[in-house]
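S.K.: Quick one: the structure is below, questions incoming.
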Amino acid sequence: MTQTLLALRSRLDRFGVLLSGLCLVHCLAGLFLVGILGIGGGALLDPAIHRVGLVAALVVGAGTIGLGALRHGHKLPLIVGSTGLALMAGAVIAGHGSAEAVLTILGVLLVASAHVINMRRTC
């Protein structure tokens, strides 16, 4: 793989960590603002946001973590990332509630961890 492709994949891994962090902030802010303060439910709990976020996570995760596993041969990032993406998909299916929040939080933490492991395996 050329240096240009490695640099692109590294940037996408960083973007994946950022995307996971934004998802986590969205989830926690939603729990706080809607659950405790009772405001922002229409925008923060819109199912379209969760579907779009899942699609973005699948595209970035599959592209960077999958290609990374093929290049460096380590399966751990792939296993951790796939588990996280599956939990995130389960959250979208579960709908709103505590199960969705728990699945989403665990999922994004695993996906972010997989991106970090992937970046470290590449170096």
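S.K.: Please give the helices (runs of 4 or more DSSP H) falling wholly within region 5-123 in which 2 or more residues are modelled with pLDDT under 80.
M.R.: Passing ranges, in order: 41-44, 47-61, 98-122.
S.K.: Can you report the number of residues in region 98-123 which are hydrophobic (A, V, I, L, M, F, W, C), over 15 Å from the mean Cα position of the chain (by Cα) and over 19 Å from L8 (Cβ atoms)?
M.R.: Going through region 98-123 one residue at a time, the tally reaches 1.
S.K.: Across region 50-102, which residue is surrounded by the most Cβ atoms within 10 Å (Cβ to Cβ) among those that are of a type in the set (S, T, Y) and more than 17 Å from H26 (Cα to Cα)?
M.R.: Among them, the one singled out is T64.
S.K.: Contact list please: Cβ distance under 9 Å, first residue in region 81-96 and on the phi > 0 side of the Ramachandran plot, second residue exposed (fewer than 15 other Cβ atoms within 10 Å of the Cβ) and in a helix (DSSP H, G or I), pairs at least six apart or on different chains.
M.R.: If the second residue must be exposed (fewer than 15 other Cβ atoms within 10 Å of the Cβ) and in a helix (DSSP H, G or I), the pairs left are G95/P47.
The values are calculated or read from the model by the stated rules, or taken from the named source; none is laboratory data. Because the structure is predicted, anything quoted here is derived from the model rather than measured. Counting neighbours? That spans all protein chains shown, and the Cβs are built from the backbone with ideal geometry, glycine included.
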